[in-house]
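Shown next, in structure tokens, is the structure this report addresses.
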Amino acid sequence: MFDAIAIRRTAPDGAPGGPLDLGRLAEAMLFYRKVRLAVTRHSLKQLIVSLGPDVAVEVAKNVDLIYLDRDFALRTEDRGTHRERHRPATIAVMDSVQRAGEVVHLAQPLDSLVFDLFREVTGASGRGKRRAKQFLNQVKVHDFDPALLGLARQDWEDEALVRQVLVDLVQELAPAYSLPDDFKVSLVPSADEHYQFETNLDWAAVSRAGGVREGDLLLDPAKVLLGMVEMRQDLALGASLGSSLTQDRIGERITRTKVKELVAQLDGQQTKIDQFQELVVKGVGDLRGAIKSGRRSFEEFLNVLQKAGRFRDWVDGQAPTSDLVDEYYANAFKKSPLERHPFKELRWMIPTAVEYGLIAVHAEETAPPAALGMVALDQLVVARFSKGWRPATFINDELVPFVNG
């Protein structure tokens, strides 16, 4: 049912804690057969610094870790003025080095970046180097097609698309705001490939309607245009990896507008996961919340994940159209092999053993001496015969105590 998912960013730029929601990452690692985690410099640093070197290495072993040496970005001039203009761009991971007494910025190789980060968190070059090598063994580098920037420009020049993106974003983030009756929006290109965003939308009023404190903007031209550029990056990544993808709220809304069919599958999967955790796991919170709140560490979660093999096999075996909660309860209450085969069919079990070993709580104390050996054997065989694995075994014994403990 949950085959593969690609995670690149689950929080907007500048979000507290970093671009990755580690609770959502843990949730994906439990439910999806394959998690492809695409990281840039910022999310790579968050992963190593937040989790620590040992846990970061274990996470890398449990996902397909993909490094993006370039990220899509927005170049903005004269921000906040009537002359503000933008162009899509890519940025590379850079490192500052001394050359002939001057500081120059050069593209930083992945191994150099990882070694620096591990040395930073370990404080010891030897241990940091060993852990960095283990981490690097799990990383693959992904290159984006430069033509994607051209496609992003085409999206910007599609006035109907830009209009619909803005309408959908406002309805999603600030539903109390009413669009002007003569609502207008357009991007005016210049000869040097910059664009001016023209609209009669009141950005400050949108932010107030969205519950954002005074002085902050929920949306502005730069956020909308960057979201459209990153949407192209996300679609390309999802397509090349053959996975559904996760995004932050603005990116998700823009992608819905551009290609609604592509994200429909992810919507259905996330809904099933949320329903499953709400109705089955229950308690104080879900897995994602337990990790995000700090009540549980990622290192503790990895111990639970090691015991989740049969549960993930069960999830993977469900039909894509099935309801996860319905299937769970159907499996929880279906008859065991012992219930389908009455005691009388177990002819190799002597009557005395059945009478005492299966009914009496302390059979060893009450059974006639001649049957004591068979009682112990029968109890072992019947226990194995009647207690087949069910998803509730993992939920009750491992997941619920972890989430609610």
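The values are calculated or read from the model by the stated rules, or taken from the named source; none is laboratory data. Source: prediction; values computed, not measured. All Cβ positions, even for glycine, are placed from backbone atoms using ideal geometry, and neighbour counts span all protein chains on display.
Looking at 170, 139, which is the one that is of a type in the set (Val, Ile, Thr), at pLDDT 90 or above and within 24 Å of the chain's Cα centre (by Cα)?
Values: 170 fails: within 24 Å of the chain's Cα centre (by Cα).
Being of a type in the set (Val, Ile, Thr), at pLDDT 90 or above and within 24 Å of the chain's Cα centre (by Cα) holds for just one of 170, 139, which is 139.
The set of residues from the stretch 111-131 being of a type in the set (A, V, I, L, M) and either without any contact (Cβ under 8 Å) to a residue 24 or more places away in the chain or surrounded by fewer than 15 Cβ atoms within 10 Å (Cβ to Cβ) (or both) comprises just one member, 124. The residue that is farthest from the chain's Cα centre (by Cα), among those in the stretch 54-77 that are closer than 17 Å to residue 117 by Cβ and of a type in the set (Gly, Ala, Ser), is 56. If you go through the stretch 161-182 and keep only what is surrounded by 14 or more Cβ atoms within 10 Å (Cβ to Cβ) and under 13 Å from residue 205 (Cβ atoms), you end up with 170, 173, 174, 177, 179.
I'm trying to understand the selection: among the residues of the stretch 289-302, which are surrounded by 13 or more Cβ atoms within 10 Å (Cβ to Cβ) and either modelled with pLDDT of 85 or more or among the hydrophobic types (A, V, I, L, M, F, W, C) (or both)? Working first, answer last.
Pass one, the stretch 289-302, residues surrounded by 13 or more Cβ atoms within 10 Å (Cβ to Cβ): 289-292, 295-302.
Hits for the stretch 289-302 are 290, 291, 292, 295, 296, 297, 298, 299, 300, 301, 302.
Please go through the stretch 241-254 and pick out each residue that is closer than 14 Å to residue 5 by Cβ and not in a strand (DSSP E or B). Show your work before the answer.
Quick first cut of the stretch 241-254, residues closer than 14 Å to residue 5 by Cβ only: 241-247, 252.
Selection gives 241, 242, 243, 247, 252.
Scanning the stretch 205-230 for residues that are in a helix (DSSP H, G or I), charged (D, E, K, R) and farther than 26 Å from residue 149 by Cα yields a single hit, 208. The residue that is modelled with the lowest pLDDT, among those in the stretch 34-46 that are farther than 14 Å from residue 115 by Cα and part of a helix (DSSP H, G or I), is 42. From the set of residues in the stretch 175-222 that are in contact with a helix residue (DSSP H, G or I) (Cβ under 9 Å, 6 or more places away or on another chain) and in contact (Cβ under 8 Å) with a residue 40 or more places away in the chain, which is nearest to residue 83 (Cα to Cα)? Filtering the stretch 175-222 for residues that are in contact with a helix residue (DSSP H, G or I) (Cβ under 9 Å, 6 or more places away or on another chain) and in contact (Cβ under 8 Å) with a residue 40 or more places away in the chain, the one nearest to residue 83 (Cα to Cα) comes out as 196.
Is the stretch 78-85 home to any residue that is more than 16 Å from the chain's Cα centre (by Cα), small (Gly, Ala, Ser) and modelled with pLDDT of 85 or more?
No, there is no match, as no residue in the stretch 78-85 is more than 16 Å from the chain's Cα centre (by Cα), small (Gly, Ala, Ser) and modelled with pLDDT of 85 or more.
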